[in-house]
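The values are calculated or read from the model by the stated rules, or taken from the named source; none is laboratory data. Because the structure is predicted, anything quoted here is derived from the model rather than measured. Counting neighbours? That spans all protein chains shown, and the Cβs are built from the backbone with ideal geometry, glycine included. Note: areas computed on protein heavy atoms with side chains; ligands, DNA, RNA excluded. Shrake-Rupley method; radii C 1.70, N 1.55, O 1.52, S 1.80 Å.
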Amino acid sequence: MSFYGWKRYVPVAQRRKKAGRALAKASKAGSDLSPVESSRGAIARTFWGKAWCDNLERYSDFANRLPRGRTYLRNGSVIDLKITSGEVRAKVIGSHLYEVNVRVVTVPRKQWQSISADCAGSIDSLVELLQGRLSKAVMERICRPGAGLFPSPKEIEFDCSCPDWASMCKHVAAVLYGVGARLDSQPELIFALRRVDPKDLVAQAGVGLRRPTPSPHSPKVLDDAHLADVFGIEMADVASVTSPAGRRESATTKTKKARASPPVPARSKEKEALLDGSPHIRTRKPAKKTSNVQIRISKARLAAMIEDATVDAYGESEQTTGWYTMLEEHLALPFATTLLGAVVKVVGLDLRGENDIVAICTRGRQRQRVRILDLPLPSPRPAGAEWIEAYRQWRND
């Protein structure tokens with residue numbers, strides 16, 4: 001126990017083991033826990049899960065605390081999450097086992113009626129709705145800030161049993177992201193959470209957002225010249241053209257003249273192969289240009305990036321995980337670079353141990369992990385490469 005009643009810092013690996021033991025103990029005791037599985041990469045992958053997470057990140061009220069929540073969720077710290085009517089109850093492993101309670105206000109009646117009317121006739125079935133197979137207009141209407149299905153900050157209340165004095169602690173942030181992960185597999189829970197009936201969106205018809213009508217297909221007509229080539233026949237003179245001498249020439253005459261024109265000199269096999277991309281002529285693929293020039297980041301920008309990556313992170317292990325989260329979100333993948341003279345493709349990122357971030361590089365069937373600190377960057381740089389440079393500067397300080 002440290003000063004002011006704070007629990008001592010628990011490393012990520014130890015916290016994962018602790019979460020595993022808590023789950024095993026609860027399962028043995030017959031408790032019905034519903035954990036959010038630890039994962040890397042995107043937290044949510046479906047329309048409903050992504051829309052929930054995007055809605056959270058839209059508001060500046062939550063901006064400072066959300067990054068730590070993503071890290072906690074990915075570490076498997078949310079060992080229980082249950083969504084019911086207007087409420088989310090969860091258990092999160094940190095230095096201790098904490099209980100989180102989130103309450104969400106019901107969608108106002110007039111607001112829900114407006115959403116239902118706007119979407120009427122645009123959603124064919126409940127299955128289509130829950131699978132997120134919706135038109136762009138319907139998606140935009142459902143996700144409209146302050147007037148859609150997803151709650152604004154003033155419509156969310158929460159509390160946590162941890163001693164953190166902040167309005168939103170990292171445990172609450174992890175649970176809020178956990179809701180997005182859960183909506184991937186159970187999208188119907190968003191309607192239960194907001195206390196509305198999803199059938200209202202498919203029950204009405206004849207009004208609301210217009211559905212695009214398919215344009216009539218133009219008939220496919222084969223040109224006379226193509227018919228002559230395909231079937232080997234001479235077409236009758238349908239459209240005639242006057243020659244300079246005043247004589248009218250038919251399409252058949254023009255075809256004969258074209259056939260009588262001098263032949264084009266035959267290309268060599270080498271030239272032919274180069275023009276049609278034939279594999280008979282093997283050319284060496286040029287190496288991807290790499291640059292050792294350091295990306296320039298202002299002191300103010302660097303300080304802000306470090307703050308975003310390490311906010312609420314205790315110890316190097318959690319700070320590294322925070323950097324991993326920011327890199328994964330901002331770095332555009334895949335991209336090609338040159339490693340030891342060979343062109344490789346960087347397809348992903350991973351954590352090695354507790355304090356090391358590595359890039360996953362592939363070349364054909366070969367796969368190799370390279371420390372992000374040692375990875376040569378191509379020129380031009382991929383989008384988000386400034387986060388690699390910021391991480392390197394942070395590690396070197």
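At least 1 residues that are in contact with an Asp or Glu (Cβ under 6 Å, 6 or more places away or on another chain) in each: list the strands (runs of 3 or more DSSP E) lying fully within the stretch 332-376 that qualify.
Values: elements: 335-339, 342-352, 356-363, 366-371.
In the stretch 332-376, the matching strands (runs of 3 or more DSSP E) lie at 342-352, 356-363.
Of a type in the set (D, E, K, R), over 30 Å from Phe62 (Cα atoms) and open to solvent by 30 Å² or more (accessible area, probe 1.4 Å), is that true of Arg367? Talk me through it step by step, then tell me what you get.
Values: of a type in the set (D, E, K, R): yes; over 30 Å from Phe62 (Cα atoms): yes; open to solvent by 30 Å² or more (accessible area, probe 1.4 Å): yes.
So Arg367 passes the test.
Inspect all residues belonging to the stretch 317-329 and state whether any of them is over 23 Å from the mean Cα position of the chain (by Cα), modelled with pLDDT of 90 or more and open to solvent by less than 20 Å² (accessible area, probe 1.4 Å).
No, the stretch 317-329 has no match at all.
So, in the stretch 123-138, how many residues would count as being part of a helix (DSSP H, G or I) and open to solvent by 50 Å² or more (accessible area, probe 1.4 Å)?
Start the filter on the stretch 123-138 by keeping residues that are part of a helix (DSSP H, G or I), which leaves 126-130, 136-138.
Those still in the list that are open to solvent by 50 Å² or more (accessible area, probe 1.4 Å) too: 126-127, 136.
Number satisfying all stated conditions: 3.
Which residues, taken from the stretch 52-62, are over 22 Å from Ala332 (Cβ atoms) and either open to solvent by 10 Å² or more (accessible area, probe 1.4 Å) or among the small types (Gly, Ala, Ser) (or both)?
Passing the criteria: Tyr59, Ser60, Asp61, Phe62.
Can you confirm whether Arg103 is open to solvent by 10 Å² or more (accessible area, probe 1.4 Å), among the basic types (Lys, Arg) and within 27 Å of the chain's Cα centre (by Cα)?
Against the criterion (open to solvent by 10 Å² or more (accessible area, probe 1.4 Å), among the basic types (Lys, Arg) and within 27 Å of the chain's Cα centre (by Cα)), Arg103 does not qualify.
Among the residues of the stretch 7-55, count how many are basic (Lys, Arg), at pLDDT below 80 and either touching a strand residue (DSSP E or B) at 6+ places or on another chain (Cβ under 8 Å) or part of a helix (DSSP H, G or I) (or both).
8
Just to check your reading of the model, which residue among Ser152, Ser161, Ser167 is open to solvent by 90 Å² or more (accessible area, probe 1.4 Å) and modelled with pLDDT of 70 or more? Steps first, please.
On the way: Ser152 fails: open to solvent by 90 Å² or more (accessible area, probe 1.4 Å); Ser161 fails: open to solvent by 90 Å² or more (accessible area, probe 1.4 Å).
Exactly one residue qualifies, and that residue is Ser167.
Identify all residues within the stretch 59-95 that are touching a residue at least 12 places away in the same chain (Cβ under 8 Å) and of a type in the set (A, V, I, L, M); write none if there are none.
So the first thing to find is which residues in the stretch 59-95 are touching a residue at least 12 places away in the same chain (Cβ under 8 Å), and the list is 59, 61-62, 64-95.
Result: Leu66, Leu73, Val78, Ile79, Leu81, Ile83, Val88, Ala90, Val92, Ile93.
Conditions first: (1) open to solvent by less than 30 Å² (accessible area, probe 1.4 Å); (2) more than 19 Å from Pro67 (Cβ to Cβ); (3) modelled with pLDDT of 90 or more. Asp356 passes all but one, so which condition is the exception?
(3)
Across the stretch 139-180, what is the number of residues that are under 20 Å from Thr106 (Cα atoms), among the charged types (D, E, K, R) and assigned to a loop (DSSP other than H, G, I, E, B)?
Count: 1.
Which residue pairs have Cβ atoms under 8 Å apart, sit 6 or more places apart or on different chains, and have a first residue in the stretch 297-310 that is touching a residue at least 12 places away in the same chain (Cβ under 8 Å) and a second that is surrounded by fewer than 16 Cβ atoms within 10 Å (Cβ to Cβ)?
That search, which allows pairs on different chains as well, returns Ile297/Gln393; Leu302/Gln393.
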